[in-house]
Every structure is written in C-alpha cells, then in structure tokens.
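Everything below concerns the one structure shown next.
The values are calculated or read from the model by the stated rules, or taken from the named source; none is laboratory data. Computed from a predicted structure; not experimentally measured. Glycine gets a Cβ as well: all are built from the backbone with ideal geometry, and neighbour counts include every protein chain shown.
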Amino acid sequence: MPFSMFNLTANMDLQSIVVYPAYHRLVTVVVPDLWDYYHEAPTQPDGFLGDLRMYCMPISWQELKLPFMLAVVWTLLRMLMTTQVFKPLAKWGKLREDNINKLPESAWRCLCHCITWSLAAYVLLKNYPDIFFRPDTAFKDWKVGKIVPSDIYLVYAIQGGYYLHRIVDTLFHDIWRTDTIVMSLHHVLSLTLITFSYASRYHNIGILVSFFHDFDDIWLEFSKVCVYLKFRNGKKHQNWQTFANICFTILTVSWCVMRLYWYPLKVLRNCTPSVARQNALDIVPFGILFNVMLWILLAMDIYWFMHIVVVLKKVAMGQMKELDDIRDFDVNKEIEEQPQKTTKKE
C-alpha cells in the first residue's frame, strides 16, 4: 500500500485531524499573540547574540559540506543539461528563436522541483505524517540541540544546495524578468529560513514549508515548457497549448490550496508562540523573527498569485489570446503593442 496509506491508520484517526480557523480568525489570533510574546518573552543580557549562543546549534563543516557540494552539482548539472539536452532539443524541434533560450531554463527548473518536492513529500508523508495532519504538534519534544533525523537532514541539504545554486543562477544566468529582484530576495529568504530553522531545530516546520511551496513550481515551469513547444518549425501545435492550459489550471488550484490555504492555516497558525508552547518549553526562541520571515514568504506568495490573476484577466478580456509568462519583458511588450495592431487593422 503506497506510503502505508501515509501511516494514517497506524498513527491517527479522523477525530485527531485539526479543524483550522478561518482567515479572519487566523489574523485575530496571530497578531495579538505575537504582540504579547514580544513584550513577555525573556531575552539574554546581550540580546539577539545571546539568544543565538543559547538556542542555536553551531552547524559543523560536516553538515555544511553536503549542501555546498550539492550547490556545485546543481550548477554543473544545469550546464550539462542545457548544453547537451535541452538546447539541442529546442534547436532540433525548430522552436521560435526567442524560446530556444527560455525552454532550457524552465525545463531545468521543472526537473529540479520534481526532485526536491518528491523527496520532501516522501519523507514528510511516509515518516512524519503527524507533522502534516497535526501541525500543532510540530514542536513536540523540541529541545535545544535535538538531533535532526537523517532523512530530514537530506531534504535540508538538497534544498539548501538548490537555493545556493538558484541565487547565482537568478542573478547571472537566468533571463532577466520583471520579478527578478523579488525572486532573488525570495531565494535569500528561503536559504535563511533553511539555515536558521536547522540550527534552532525547527526542522519539522521547515519540511512542511518546503512541501507546500515546491509543488506549484513544477506545474508553473511545465506549463511554460508547453507554451514554448507550441510553435515548432514555423507551425502552431494546438495540443501543446491544451497541455499548457491544463497545467495552468492545476497550478492555479494548487497555489490556492497549498500556498494560500494550507500554508497560512497549517504553518503560520501553528508557529505562533501560544500554540508552540503547548508542546515545547515555556518560551519559543526566535518566535518573532521566524514568524516575520514566514509572513514575508506569504506576502510573496500573494504577490505571485496576483500575476496568475492578471494572466487570467488578460485572457478573459482578450488582451492575451493564449497563456504566456507576463513577467517576460518581450511578452509584456507584445501585449502593449496588441491594441495598436488591432487599431491599425480596423
């Protein structure tokens, strides 16, 4: 039985699944909670540095070695796949000139997110289903210096190496887009959360955040690959546009469910100090800092969801005939010129 039915039968029953609050309830709980914690939480005499020394475990070179090695591996693999597989396939298929460089980038990222999300999903749902179904227990048995399980460490190492690779790639190798700066800040924030949550042993929450975010990127990049494959050898292949539409629909639905519903109501709600203290110590180290970073991540999720909404709006209003990535400067320029072309024809 796959994932042993996610170990659901052995570990929980239907009555144990948490009913999550509505959004307005989330805000009314989180904001006062963090405000009270900010004023009540004890701090070390030398402030934040004292908290670091008290509650964060130093990350040894042995632990850092794998993420750094994987960052190099990710980079070398991208160069190899781009030059030897993706770009030759794009030229062989006689894609449009502007899509020959775009396809390898999206195909590579689609492959990467398939790997990172599949591993996170396997580890989370097979070995730690309680973290998903009962995220309020994510801080259970938490203590300073707690040993990180090897399977979760592997997820962290792969994710850390990937985001190290992505920071360099986004700034120096990827096609520049309207959201490149925001994307770079997202990668820096993700790497900070990965490192900080590992050192402070908040890895249960970390793997949950990874599970909710990587899945959507698979469908985003695959839908773009389908768009690029639509025009080949000077002809339009409508079946690829159909595939793109299906992928974009899955992306939209999954984004709403995973990033805009499960993430805030399973992660943000249960990262508040009042919930965390039910299963941990009387204090939750770095409670304010972690919550601020996690809420910034939600703000970025909303920012990119607005791009999805804009695409749907432009298609519905006829400003775009078919799906495309409006973050690309050439696509934006084409959309702006569309009304002029229509006027000239009339």
**Fill in**
The residue from Y128, Y162, Y202 that alone is closer than 23 Å to L76 by Cβ and of a type outside the set (D, E, K, R) is Y162
**Request:** Go through the range 108-142 and give me each residue that's basic (K, R) and more than 23 Å from K266 (Cβ to Cβ).
**Result:** R109
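This table checks each residue for (1) assigned to a helix (DSSP H, G or I); (2) farther than 20 Å from D141 by Cβ; (3) at pLDDT 95 or above; (4) of a type in the set (D, E, K, R).
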| position | (1), (2), (3), (4) |
| --- | --- |
| T195 | yes, yes, no, no |
| R201 | no, no, no, yes |
| N204 | yes, no, no, no |
| D214 | yes, yes, no, yes |
| I218 | yes, yes, yes, no |
| K224 | yes, yes, no, yes |
| V227 | yes, yes, no, no |
**Request:** With the checklist (1) aliphatic (A, V, I, L, M); (2) under 20 Å from Y303 (Cβ atoms); (3) surrounded by 22 or more Cβ atoms within 10 Å (Cβ to Cβ) in hand, flag the one item V225 doesn't pass.
**Result:** (2)
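Where in the range 1-105 are there helices (runs of 4 or more DSSP H), lying fully within it, with 2 or more residues that are more than 25 Å from the chain's Cα centre (by Cα), at pLDDT below 75 and charged (D, E, K, R)? Give the derivation first.
Values: elements: 3-6, 8-11, 23-40, 48-55, 61-81, 87-92, 97-100.
Counting at least 2 such residues, we get 23-40.
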**Request:** Working only within the range 148-179, note down all residues that are among the acidic types (D, E) and free of Cβ contacts under 8 Å to residues at least 40 places away in the same chain.
**Result:** D151
**Item:** First in the range 263-276 and more than 11 Å from F139 (Cβ to Cβ), second anywhere and of a type in the set (F, W, Y) and at pLDDT 90 or above, Cβ under 9 Å, 6 or more apart
**Value:** Y263/F212; P264/W295; K266/F132; K266/F212; V267/F212; L268/W295
**Item:** Top-ranked residue of the range 231-240 - restricted to ones that are in a loop (DSSP other than H, G, I, E, B) and closer than 13 Å to E97 by Cα, ranked as modelled with the highest pLDDT
**Value:** N233
**Asked** Right, I326: of a type outside the set (S, T, N, Q), within 26 Å of the chain's Cα centre (by Cα) and either at pLDDT below 75 or over 27 Å from H186 (Cα atoms) (or both) or not?
**Response** yes
**Prompt:** Does the range 141-167 hold any residues that are at pLDDT below 90, surrounded by fewer than 15 Cβ atoms within 10 Å (Cβ to Cβ) and of a type in the set (A, V, I, L, M, F, W, C), and which are they?
**Reply:** V144
